[in-house]
Amino acid sequence: MHRAAPYLALLVVAILTGCGGGDGEGGAGTSEAGAAPSGSLSVAASEFAFAPAELTAEAGEVTIELANDGAAPHAIAIAGNGVDETSETVDGGATTSLTVELEDGTYEIWCPVGDHRDRGMVGTLTVGAGGGASNGGTDTGESSDDGPRY
């Protein structure tokens, strides 16, 4: 049994190291770029803007919580990288949410109610590194030799 002791000790160290409490650099709940982890993002809607209009998140399932701080009805829509989703429309003082599975890239957000998009209710959600084509195939002009691009 003496031969097993060093291996058992290594196994215990490996398990304890892999089960850390998330005390890594960057703080809990953020990545190096300051992006929110996949999870929940909060956005306030008013006439005729989102606050904030520029959002960041990590890839995965993301829920956008929209609080309508305005008087007019508002909703939130997101498109890019094969995603095209819209939340319920809510009246002033109400909230709605939209949950989507997102890959790295840039997504456009806007209010799909009436002419709100044309009046400036637009924004951007950058997921992960934000690379690749996203809004209808818009190319950033940057190239990479890291392998095939999908």
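A short reminder: the numbers here are calculations on the coordinates, not readings from a lab. Since the model is a prediction, treat every value here as computed from it, not as a measurement. All Cβ positions, glycine included, derive from the backbone under ideal geometry; neighbour counts span all protein chains shown.
For the peptides 67-73, 105-111, 80-86, the ranking by mean Cβ contacts within 10 Å, running from highest to lowest, is 105-111, 67-73, 80-86. Using 0.36 nm per residue and subtracting the Cα-Cα separation, the extra length available between Ala44 and Ala72 on full extension is 8.8 nm.
Remark on Gly114: its backbone amide H falls under 5 Å from none of the residues 5 or more positions apart or on other chains, H modelled at 1.01 Å from N.
Remark on the stretch 32-127: hydrodynamic radius 13.0 angstrom, per the Kirkwood mean of 1/r across alpha carbon pairs. With the simple spin-label model, which puts each label point 7 Å out from Cα in the Cβ direction, the Glu85 to Asp118 separation comes to 2.8 nm. This model, with +1 at the C-beta of Lys and Arg and -1 at the C-beta of Asp and Glu, gives the stretch 32-127 a dipole about its Cα centre of some 260 debye.
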